[in-house]
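The values are calculated or read from the model by the stated rules, or taken from the named source; none is laboratory data. Just so you know, these numbers come straight off a predicted model, no measurement behind them. With ideal geometry, Cβ positions are generated from the backbone for all residues, glycine too; neighbour counts draw on all protein chains shown.
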Amino acid sequence: MANKKKAKKTRPSGATAVAPQAPPKADAPAKMTTKQYEREMRVLQGELVALQEWVKATGAKICVVFEGLDSAGKGGTIQRITERTSPRVFKHVALPAPTQREQSQLYIQRYIGHFPAAGEVVIFDRSWYNRAGVERVLGYCTPEQTERFLEQAPAVEKAMVDTGIILIKYWLNVSVEEQTRRLRNRIDDPRKVWKLSPTDLLSYRRHFDYCRARDAMFAATDTAWAPWFVVDNDVKKRGRLNIISHLLSQVPYTPLPPQDVKMPRKPARRGYVEPALPLRRIPTPF
């Protein structure tokens, strides 16, 4: 029997060849759409409001510390946490460089004044851990000062927890490749250029020195009463959702019963007539 030749496959006229695509990595999560992200964020922000009302009602004190490499996503995460909450309850603290007077004080002294009182959630965008990170790497303090800080920090945090403060510490990781992309984006985007400082660019070149400093910090200050929680934050959307979800899980809050709120009747004019005053109204180009 004669062997049959296999028919040669042909493409329709005008069609182009499509290169085979490599299958996605098994451990890589599917890309999250903006719609999915906003849907999940809406639910979590509703829970943050529930947490806020519980904090106000019970007088709880919560302190959240955000540390990490430059451009690791600390600011954006804090923005989404505070976006729908009251600034009277959720307080965002980002201190500038210390003044000459503050430099002569006990190192942690200028932070203590911002610790939460009853009914407050204080979020530190960088904190007393500057001494174990940027100050150590860039030579703003001596090695002896860093070692003294690492010895004292656990005791200070133990005192915080013993007085009823719920202390939660996050370290945000970012890869060199993603950090490079984000810093370049800050250079090119006029909306983000304010985030870029000479320290950021200097810190970028010292990426692995920061990693070494972080490792030493973890070894000294990752305690039973104030552990560190590490976030791999190359994907900002997932990182923000994961952080907020974890933050909510760390506080034993109970949502308060919903209030029975009814919309009142629309206001009556009762003879009011708007006077013809020479008001300066803004232009309306939009």
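Select from the stretch 59-96 the residues that are free of Cβ contacts under 8 Å to residues at least 60 places away in the same chain and either hydroxyl-bearing (Ser, Thr, Tyr) or part of a strand (DSSP E or B) (or both) and list them in ascending order. Spell out the reasoning first.
Step one: of the stretch 59-96, the residues free of Cβ contacts under 8 Å to residues at least 60 places away in the same chain are 78-79, 82-96.
Result: Thr82, Thr85, Ser86, Phe90, Lys91, His92, Val93.
Identify, from the list Thr254, Thr223, the residue that is closer than 23 Å to Leu69 by Cα, in a loop (DSSP other than H, G, I, E, B) and among the β-branched types (Val, Ile, Thr). If you could, list the steps in order and put the result at the bottom.
Working: Thr254 fails: closer than 23 Å to Leu69 by Cα.
On inspection, the qualifying residue turns out to be Thr223.
Return a yes/no flag: does the stretch 204-220 have any residue that is among the charged types (D, E, K, R), buried (at least 17 other Cβ atoms within 10 Å of the Cβ) and touching a Pro at 6+ places or on another chain (Cβ under 8 Å).
No; the residues of the stretch 204-220 include none that is among the charged types (D, E, K, R), buried (at least 17 other Cβ atoms within 10 Å of the Cβ) and touching a Pro at 6+ places or on another chain (Cβ under 8 Å).
Yes/no matrix, rows are residues, columns are (1) modelled with pLDDT of 95 or more; (2) of a type in the set (Val, Ile, Thr):
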{"residue": "Ala159", "(1), (2)": "yes, no"}
{"residue": "Val176", "(1), (2)": "no, yes"}
{"residue": "Val193", "(1), (2)": "no, yes"}
{"residue": "Ser203", "(1), (2)": "no, no"}
{"residue": "Phe208", "(1), (2)": "no, no"}
{"residue": "Arg214", "(1), (2)": "yes, no"}
{"residue": "Arg240", "(1), (2)": "yes, no"}
{"residue": "Ile244", "(1), (2)": "yes, yes"}
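Would you check if Ile78 is crowded, with 17+ Cβ neighbours inside 10 Å and β-branched (Val, Ile, Thr)? Explain how you work it out, then say what you get.
Values: crowded, with 17+ Cβ neighbours inside 10 Å: yes; β-branched (Val, Ile, Thr): yes.
In short, yes.
Condition check ((1) surrounded by 19 or more Cβ atoms within 10 Å (Cβ to Cβ); (2) over 18 Å from Gly68 (Cα atoms)) across all residues:
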position: Ser104; (1), (2): no, yes
position: Pro116; (1), (2): yes, yes
position: Gln145; (1), (2): no, yes
position: Glu177; (1), (2): no, no
position: Thr180; (1), (2): no, no
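Please state which of the following conditions Trp225 fails to meet, knowing it meets all the rest: (1) touching a residue at least 60 places away in the same chain (Cβ under 8 Å); (2) surrounded by fewer than 10 Cβ atoms within 10 Å (Cβ to Cβ).
Condition not satisfied by Trp225: (2).
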